[in-house]
Structure formats: C-alpha cells, structure tokens
Amino acid sequence: MPEHGRVPKYFAVARQVSAMLADLRPGDPVPTERELVEQLGCARETLRRALDELVLAGRLHRTRGRGTTVAEPKLILPLVLRSYTESLADAGMSPQRRPVRGEVIAAGPVLAGKLGIANGDKVVHLERLLIAENEPIGLESTYVSLARFPTILEDFDPTTSLYRTYVTAYGIRLTTGQEIIETVLASPREAQLLGTNPALPMLLMHRDTWDEAGEPVEHVRALWRGDRYAVTTALRG
C-alpha cells in the first residue's frame, strides 16, 4: 500500500478480475479485453497492466493461439530432503525428468569447497528438466565429485530418481541438507527450455547435502517457474 493510502487503479482492477476467476476452471478462457474494459469501466492500458500482474502471480496463463486462460493451481511441495520424483508422486502427480546434458567438468574454487574437493578436481554435472503432468516446471543442475561417483554417468538413468541411485548403487544416504531460495529471472536459454517468458519471476534454489558421516555429497542448483511452483515448510517455536 503506498504511503498516500491510494490503491493503484491497475491493482484494483487486478483484484476484480481475480474475483471473477473464482467462477472459472483452469484452462477456461477469460473474457476478451474489450469485454473486460466494458464490464469493469477501466482504460484498456490499465486492464493490460492488471492482466500482466495476474500472469506474474500465476493466476492467468498466456499461450499463442489460445490467448489468456485461467492457470492451473500452483504446485505446492514441502521443503524436505527427498527427491523431486518422490515428492510429486506423494502429491498424486506424474513426475518426469528429461535429460539435458551430462558432462565432466573441472570444479572452480566455490564448487570445490561445497563438495569438499580440491580446486580443479573433476566433477560430474547432470542437468535435467523437471516435468509435472507433461509441463516443464523446473531446470535442475546437480554436481557431484567424479572421484566419489566414478561411474555415475553409466550407472544412472537420468529419467529416474538420483537419490535412489545414491542408495542402490553406492550405499549413500543423505541425512542433512541446507537450501537457499531467492528470486531471479531466467536466462534466455533457461526460459526456452522451460517454455516460459524470460520476464516471469523464478525461484532459484541452491541445495547442499551431506551423508551419515557428514561428508558432502552434492550441490544442486534448481530453477523453478514462479508461476507454477511454490514451497511450504513447517515452523516450530
């Protein structure tokens, strides 16, 4: 709320349009701009800014050829130390992972410190597209030490759970982790892979995990679509 106490016109219009969405189902088209302007009694420029705000908030979805439709509800997943595949399956959804690339790279000083290895040591980088109900919602890069996982590129099916592979192929269980979440904009490449607008906000997550002995296992960088994904966590005093 601005200090002068006045609500911006586009914000008031966005609330009116949002209230109208309660009578529509996900995938339903919203009324045309002309219809909304006449119904709400606002300028077309004000309406367009209001619709832009609702797209950014994940309430509306724009698609070429279909126009503006009511968006599907956001996926709300808990912040827990488990794989994306398991979390979505528990939510009753069909998770998929699409491999983008798997490569061996040299660790820089920051990544080396996170993995407990020397600067320049070899690291395996696995990049995968995260998909829910046939829609891309996230792009994940996982980094592990090649010395610790020398055959992971051969052992691991990138369409499945990496956490399960840690247990079945290497006998390693993740016991603790730390995650940092911030908001960013996607790069043009990332936006193209995710099939989204580069102007839409993203949730960027950095996760570091450790095994039962307290040794670092992986560093993960995951970019999630802010219009399709939200997180929840339990708080205790």
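The values are calculated or read from the model by the stated rules, or taken from the named source; none is laboratory data. Everything quoted here is computed from the prediction, not taken from an experiment. Neighbour counts run over all protein chains shown; Cβ positions are idealised from the backbone, glycine included. The protein model used for the area step is the full one, side chains on, heavy atoms only, and it has no ligands, DNA or RNA in it. Shrake-Rupley method; radii C 1.70, N 1.55, O 1.52, S 1.80 Å.
Between amide H atoms placed 1.01 Å from N, distances below 5 Å from residue 218 occur with 209, all of them 5 or more places distant or on a separate chain. What does the net charge come to around residue 225 if you take all other residues with beta carbon closer than 12 Å to its beta carbon, with K and R at +1 and D and E at -1? Net charge around residue 225: -2. Only one residue of 81, 111, 8 has its Cα farthest out toward the positive end of the dipole of region 1-122, where Lys and Arg carry +1 and Asp and Glu -1 on Cβ, and that residue is 111. Over region 137-237, Cα pairs under 8 Å with separation of 6+ residues give a relative contact order of 34 percent.
Taking all protein chains into account, the per residue accessible area for the chain stands at 56 Å² (1.4 Å probe). At the residue level, residue 233 shows approximately 80 square angstrom of accessible surface with a 1.4 angstrom probe and all protein chains present. Note on residue 93: accessible area approximately 50 square angstrom, rounded to 10, probe 1.4 Å, nucleic acids and ligands left out. Diffusion of region 19-96 by Stokes-Einstein, at 20 °C in a medium of 1.002 mPa s and with Rh set to the Kirkwood radius over alpha-carbon pairs, works out to 146 µm²/s. Assuming charge only on the beta carbon of Lys and Arg (+1) and of Asp and Glu (-1), the dipole of the chain about its Cα centre is about 580 debye to the nearest 20. From its DSSP helices (H runs of at least four residues, each -39,500 (n - 2.57)), the chain gives a residue-normalised ellipticity at 222 nm of -7500 deg cm²/dmol. Cross-link partners of residue 122 among lysines, defined as those whose alpha carbon lies under 28 angstrom from its own and excluding same-chain residues fewer than eight positions apart: 114. Over all Cα atoms in the chain, the spread is summed up by Rg and Dmax: 21.4, 66 Å.
Heavy-atom surface analysis with a 1.4 Å probe gives region 1-83 a carbon and sulfur content of 50 percent of its accessible area.
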